[in-house]
Every structure is written in C-alpha cells, then in structure tokens.
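Each remark here refers to the structure printed beneath this line.
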Amino acid sequence: MYSTIINVIRNECKKYEYKSNQALSIVIVDNDGNEHAHISMAKFMDESEKLLNSNYDTNNHKEEELFDTEKFISMITGSKNNSDIHFVIQDLQVCMNHELGFSIKSQLGSPSTLLNAGESTNITYYLSGPAISNEEIEEINAIENHLPRMKAILEKGCQLHYYDVEHQTFKNNLLFLDTCMPEFIAECLIYDILPTSTHTVKDAVLFVSQKNPLKFPGDVAAFYKHKMKVLLTDAALGMTPAKEWKGKYDANGGYLVVKTNGDIVCYHFYNRNDVEDYLFNNTRFERASRTRYKFGSLYRGEDGRVYIKLNLQIRFNK
C-alpha cells in the first residue's frame with residue numbers, strides 16, 4: 001500500500017485533530033476549529049523520548065497527560081470501541097483520503113487483553129466417564145487452585161464435553177462467525193486445563209487439530225487455524241462478548257504495536273494476513289477470577305449429569 005499519514009485524530013472529551021504544518025510543528029485543533037496547542041516537532045520528540053525512558057504504563061487507568069506545560073489530551077480512551085486512534089491517510093494509488101481507526105497495543109507495560117472475561121464468556125461442559133458422587137464433587141470443589149482441581153477431575157478418568165455457551169449474546173456472536181465456533185473454542189479451553197498446556201493460542205489450535213473433533217476431511221491444521229484467526233481478528237477489531245456483533249469493525253485500519261524499544265510496527269488491515277498472523281502468534285488463554293465470574297466448580301444438573309463451566313479470556317503474550 002502506497003500511502004502517507006496526513007493528520008491524527010483522537011476522541012477524548014471531544015474530538016481533536018493533530019495536524020503537522022510547514023514549520024515542523026504539531027497543531028491541535030478541536031472539531032470546531034479552535035486551536036488548543038502549537039507544539040514544535042523538536043519538543044514533541046524530546047517529550048516522547050522522556051516518556052519512553054520513564055517506563056510509562058499505558059495500561060493504568062489514571063488520567064495521565066503527555067505534557068505538563070500544555071493543555072494536552074488524556075492518553076486514555078473509553079472502552080466503547082476498539083480503535084484508540086484515527087489517522088487521515090492519503091492513498092497515493094487512488095489519490096483519496098481515508099480516515100481509519102487503529103488499535104494500539106503496547107509492549108511497554110503489562111500485556112493487554114484481546115477478549116475480556118466475564119460471566120458472558122462462560123462455557124458449560126458435561127462430564128462423562130466414571131460416576132462422581134456428591135461427596136466427590138464437594139472434595140474436588142474444595143481444592144483451592146484451578147489447575148489442581150482440573151487435574152483431580154481428569155485423574156478420575158472423567159472427560160469434558162461441550163454442552164453450551166452460557167450467555168446467549170456471546171453464543172450468537174460465535175455462531176455469527178462460524179456455526180462450529182462454539183464447539184471449537186470449547187475444545188481449545190479443554191487444552192488450556194491440561195497439566196501440559198502452554199496456554200498459547202497456537203498450541204491450543206494444534207491440540208484441537210490433532211483431535212479433529214469436527215471431523216474435517218481436508219487440511220485439518222489449516223481448518224482450525226483459520227477458525228481461530230477469524231475469532232481473534234473480529235475480537236481485535238470490534239467484537240465483544242456481551243454486545244450483539246454484526247461484523248462492523250471499529251479498528252478498521254489495523255494494529256499499531258509499540259515495542260519495548262519504542263519502535264512502532266503497523267499491521268495494516270490492507271494486509272489482512274499480517275494482522276491475523278500477528279494475533280495468532282502473540283496471544284494466549286488466561287484464567288480470570290473464578291469466584292468473580294462463577295466458573296470452575298462441579299455441580300449436578302437436574303438431569304443427574306455433572307457439569308462444569310470454564311471461562312474464556314484471551315490476552316497478548318507481551
């Protein structure tokens with residue numbers, strides 16, 4: 001893609017546009033055309049270097065400001081959509097300007113989440129194998145840590161089978177992506193509870209590919225890898241578990257990754273394969289609070305079966 005960035009647009013308390021001019025300065029104007037700051041490029045570069053060297057954590061939730069001397073704009077955006085910043089980009093091939101939203105992921109602070117946990121991301125399983133008494137259910141549930149509890153279940157010879165996605169909206173969203181998606185993701189979470197699990201997304205997909213629970217007759221590895229990339233990409237660019245998803249991307253430009261040395265890598269959505277590969281190779285499953293989101297305990301259903309809920313959360317490796 002042959003293009004150049006003309007302006008940067010961010011929405012905080014109101015919409016601001018960051019424009020460069022011939023004097024090598026950055027001018028910040030609001031949506032009404034009022035100028036709020038006029039900052040030299042040299043100062044901007046100097047403050048940026050200080051920001052990098054101070055190990056600024058972009059994942060905290062305080063109202064931080066970039067410059068103390070200017071009425072600058074908060075670095076934190078709201079959570080209504082996945083785009084952190086918008087660029088006005090001039091496409092030199094067609095001589096047109098486009099405003100595109102990008103999601104920013106920083107490796108400077110704590111790894112950020114791609115798909116946030118909640119009770120909406122609980123997936124229900126039923127157990128097969130040796131019968132489990134109510135006393136055994138209580139004994140297993142008394143094990144404090146999650147993985148030892150799951151190990152105790154597996155050591156009894158029990159197997160987990162996908163039953164349902166607890167939250168109807170999230171289930172609908174998964175079905176919107178692919179009618180096989182709920183069962184596929186449920187299989188990935190089974191891998192995540194194994195003692196040998198690395199918790200990475202790509203290893204979970206490899207595990208599911210070897211089982212081939214959907215009985216795909218063709219290239220099995222490509223089949224399951226594609227499904228995971230569909231989920232990751234839609235979660236990255238707009239889909240959230242508790243809101244109906246209709247396929248409209250917020251971060252329609254792609255991803256900006258701030259590396260630990262301050263370099264910025266752009267995964268542009270025009271190069272979709274690059275975006276998908278980045279997400280696939282740099283994400284992992286993570287367990288959220290078991291008590292807060294009400295999962296990880298055995299219980300007996302009205303049909304006499306024993307059930308358990310597992311929770312889906314996906315986070316960047318770094």
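The values are calculated or read from the model by the stated rules, or taken from the named source; none is laboratory data. All values derive from a computational prediction rather than experimental measurement. Every residue, glycine as well, gets a Cβ built from its backbone with ideal geometry; the counts of neighbours run over all protein chains shown. All accessible areas refer to the heavy atoms of the entire protein, side chains included, with ligands and DNA or RNA removed. Shrake-Rupley method; radii C 1.70, N 1.55, O 1.52, S 1.80 Å.
Structure notes:
- Cα centroid separation, segment 178-231 to segment 288-318 (Å): 19
- Accessible area per residue (1.4 Å probe, heavy atoms of protein chains only) ranks E187, E119, E302 as E302, E119, E187, with the largest value leading.
- Cβ-based charge dipole, segment 208-318, positive-most Cα from V208, L279, V258: V208
- Directionally averaged projected area (segment 152-244, Cα convex hull): 6.6 nm².
- Based on the Stokes-Einstein relation at 20 °C and a viscosity of 1.002 mPa s, and on the Kirkwood radius from alpha carbon pairs, segment 259-317 is assigned a translational diffusion coefficient of 143 µm²/s.
- When E136, E276 are compared by accessible area of protein heavy atoms, the largest-first order is E136, E276, using a 1.4 Å probe.
- Dipole magnitude of segment 95-204 about its Cα centre (Cβ charges: Lys, Arg +1; Asp, Glu -1), debye to nearest 20: 400
- In this Cβ point-charge picture (+1 for Lys and Arg, -1 for Asp and Glu), segment 273-314 has a dipole of about 500 debye about its Cα centre.
- When the alpha carbon coordinates of segment 204-244 are projected onto the principal axes, the ranges are 33, 17, 15 Å, largest first.
- Segment 104-173 - Rg and Dmax from Cα coordinates, angstrom: 16.6, 49
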